[in-house]
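A short write-up of the structure that comes next.
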Amino acid sequence: MLVDGVWRGDWQPVQAKDDQGRFVRQTSSFRHWITPTGEAGPTGEGGFKAESGRYHLYVAYICPWASRALMVRALKGLSEHISVSVVNPVLSDQGWQFGDEPNHSGGVVSLFDVDQLNGHEYLHQLYTQADPHFTGRATVPVLWDKQRKVIVNNESADIIRMLNSAFDHLTDSALDLYPKEQSQVIDSLNERLYHQLNNGVYKAGFASSQFAYEEAYQGVFNLLDELEQMLADGRPYLLGELLTESDIRAFVTLVRFDVAYYGLFKCNRELIAQKPHLQAYLQRIYALDGIAATVNVDHIKRGYYSIKALNPNGIVPLGPEQSWIEKVSI
């Protein structure tokens, strides 16, 4: 990680843990908001006006937090307004890395981007460009301002919220993933999705005690059982007929579950493929316009299985079969 702007040691997956061995995630540090007028948002300073071509997303296809930003970018018609760079899925000793030769895995060619905007080799160099004394982990997604050459925000929850509304005057998008009349219900469900599912699989995978692992494991499957039951009434999305932010949050974990979390993170009670309503829900969202391009199973598998602390030999499993997914990338 970075300490006062200097990289120290090799990258490690466990950021912190409590006295019972629970995995503790780092809090995001850059919390400015893009708004239609450039006025300050809920946190941070102002001056970030929603303008076409001004902003850039740094992402990893392996990362669910980054992928939900890509999903909202696609659904809101922002692909022509916000550019993207994809890092190498294989985590290096200095974390996320730019620029590599195309990797051929199982006949699939996976391309990674160089940092054409700033010329960095590692993502952590982008963080120290924005703040020469930054201390912490260099995470994705990063929403970058090309004009001011600073990080606007590195908290995916903020990024998807601002992408949902800040640029509507440029796109005329009618889709609202966070309608005001449902905001309290969405916030409540989002809180549970985060603790039990999105971060729950990480708490299981990176637990450093049997107690912490079992606690997280039970939380994951308790919520998956509940979601399966919710969808059993035939509703297309978690809250009914309309796609919301909660569906974006659920999808990014569900689409990685069978190929990564089931095996590597020991969330192995059952596959999503064994839950018919969740599997149909997963396929339904994947089929939405632009979503397939945000999913790259090759990157997901090679990225997660490159975590040396969990898989020291770096062997990537061939299964499970995901015949319903086409391995595509932007």
Fill in the blank from the handout: Of the residues in region 116-153, those that are under 13 Å from LEU2 (Cα atoms), outside any helix (DSSP H, G or I) and over 21 Å from the mean Cα position of the chain (by Cα) number 5
Problem - Residue check for GLY106: modelled with pLDDT under 95, in contact with a Phe, Trp or Tyr (Cβ under 7 Å, 6 or more places away or on another chain) and either open to solvent by 20 Å² or more (accessible area, probe 1.4 Å) or closer than 22 Å to ALA260 by Cα (or both) - result: no
Problem - Residues being assigned to a strand (DSSP E or B), touching a strand residue (DSSP E or B) at 6+ places or on another chain (Cβ under 7 Å) and open to solvent by 20 Å² or more (accessible area, probe 1.4 Å) - total across region 1-34 - result: 4
Completion exercise
Residue pairs within 8 Å by beta carbon, gap of at least six or interchain, first lying in region 216-233 and without any contact (Cβ under 8 Å) to a residue 60 or more places away in the chain and under 16 Å from ALA280 (Cβ atoms), second charged (D, E, K, R) and not in a helix (DSSP H, G or I), listed first then second, are LEU224/LYS275; GLU228/LYS275
Handout entry: Complete set of residues in region 253-266 that are surrounded by fewer than 24 Cβ atoms within 10 Å (Cβ to Cβ) and in a loop (DSSP other than H, G, I, E, B)
Key = TYR262, GLY263, LEU264, LYS266
Fill in the blank from the handout: Considering region 76-90, residues that are in contact with a Ser or Thr (Cβ under 8 Å, 6 or more places away or on another chain) and open to solvent by 20 Å² or more (accessible area, probe 1.4 Å), and then whichever is modelled with the lowest pLDDT, we arrive at VAL90
Exercise for the section: Test ARG137 against the stated conditions and say whether it is at pLDDT below 95 and crowded, with 18+ Cβ neighbours inside 10 Å. Expected result: yes
Practice task
Please specify each residue of region 45-73 satisfying the condition of being in contact with an Asp or Glu (Cβ under 9 Å, 6 or more places away or on another chain), buried (at least 18 other Cβ atoms within 10 Å of the Cβ) and either within 30 Å of ALA287 (Cβ to Cβ) or among the basic types (Lys, Arg) (or both).
Solution key: ALA50, ARG54, TYR55, HIS56, TYR58, TYR61, TRP65, ARG68, VAL72
Problem - Single condition LEU278 does not satisfy, out of (1) in contact (Cβ under 8 Å) with a residue 60 or more places away in the chain; (2) over 15 Å from the mean Cα position of the chain (by Cα); (3) part of a helix (DSSP H, G or I) - result: (1)
Practice task
Determine which member of the set ASP158, ASP145 is surrounded by fewer than 21 Cβ atoms within 10 Å (Cβ to Cβ) and among the acidic types (Asp, Glu).
Solution key: ASP145
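The values are calculated or read from the model by the stated rules, or taken from the named source; none is laboratory data. Bear in mind that the values here come from a model prediction, so they are computed numbers and not experimental data. Virtual Cβ from ideal backbone geometry, glycine too; neighbours counted across all protein chains shown. Side chains included, ligands, DNA and RNA excluded: accessible areas come from the protein's heavy atoms. Shrake-Rupley method; radii C 1.70, N 1.55, O 1.52, S 1.80 Å.
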